[in-house]
Amino acid sequence: MKVLVMFVNKFSYTPSQKNLDSAEDITEGASFNDAILAFIQVEEADEQHDAKSREKKLVNHLKWASRKNNCKKVILHSFAHLSKSKASVEFTKEIFDQAETRLQNSGFETAQTPFGYFLDLDIKAPGYSLARIWATL
C-alpha cells in the first residue's frame with residue numbers, strides 16, 4: 001500500500017467523471033478545513049494479507065500523521081496513481097470502510113471522497129516538514 005498524507009488548511013472536491021460503473025451516482029462535492037488528506041493506493045500484494053491487518057497498518061499511520069499535525073479530521077481518498085500495482089476494487093473499498101470505522105471509533109471525524117470517480121480537487125496546504133508524508137505500508 002502506498003500513502004501520501006497531506007495536512008490541508010482547505011480541501012474541496014467536485015465529482016467530474018464516473019469511472020466505475022458500480023459506483024453510486026454522486027453529483028455534489030464537499031469541502032473540509034484543517035484535515036489530514038490521505039491519498040491511498042491499495043496494491044495487489046496487499047490482497048495476500050487479510051484486510052483487517054492492512055487496514056490496521058493504514059490507521060496507525062494516519063493516527064501518527066494526525067498527532068504530528070495536531071488534527072482529528074481524516075479524509076480518505078482513493079488515488080490509484082502511486083503505483084502500477086492495484087488491488088481489486090472490492091478489497092480496496094473494504095479497507096477504506098474498515099479504516100473509516102476504526103478512526104471514528106477512536107474519536108476522529110472522517111470522510112471518504114466518492115469512490116469510483118475522477119474529481120476536480122482544490123487543495124490549500126501549508127509548507128512545513130510534516131505537512132506532507134509519503135509511506136509504503
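The values are calculated or read from the model by the stated rules, or taken from the named source; none is laboratory data. Since the model is a prediction, treat every value here as computed from it, not as a measurement. For neighbour counting, all protein chains shown are included, and Cβ atoms are generated from backbone atoms with ideal geometry for every residue, glycine included.
Quick one: in segment 82-94, of everything that is free of Cβ contacts under 8 Å to residues at least 60 places away in the same chain and under 13 Å from the mean Cα position of the chain (by Cα), which residue is surrounded by the most Cβ atoms within 10 Å (Cβ to Cβ)? Checked segment 82-94; the qualifying residue surrounded by the most Cβ atoms within 10 Å (Cβ to Cβ) is THR92.
Scanning segment 58-81 for residues that are crowded, with 18+ Cβ neighbours inside 10 Å and either small (Gly, Ala, Ser) or part of a helix (DSSP H, G or I) (or both) yields LEU58, VAL59, HIS61, LEU62, ALA65, SER66, SER78, ALA80.
Among the conditions (1) of a type outside the set (Ser, Thr, Tyr); (2) part of a strand (DSSP E or B); (3) modelled with pLDDT under 95, the only one that ILE36 does not satisfy is (3). Among the residues of segment 64-80, those that are in contact (Cβ under 8 Å) with a residue 12 or more places away in the chain and not small (Gly, Ala, Ser) comprise LYS68, ASN69, CYS71, LYS72, LYS73, VAL74, ILE75, LEU76, HIS77, PHE79. Contact map, segment 103-128: residues that are closer than 18 Å to ARG67 by Cα and touching a residue at least 24 places away in the same chain (Cβ under 8 Å) paired with residues that are of a type in the set (A, V, I, L, M) and not in a strand (DSSP E or B), Cβ distance under 7 Å, separation 6+ or inter-chain. Pairs shown: LEU103/VAL59; LEU103/LEU62; THR110/LEU103; ALA125/ALA131. Here LYS2, LYS63 are screened, and the one residue that is basic (Lys, Arg), modelled with pLDDT of 95 or more and under 11 Å from the mean Cα position of the chain (by Cα) is LYS2.
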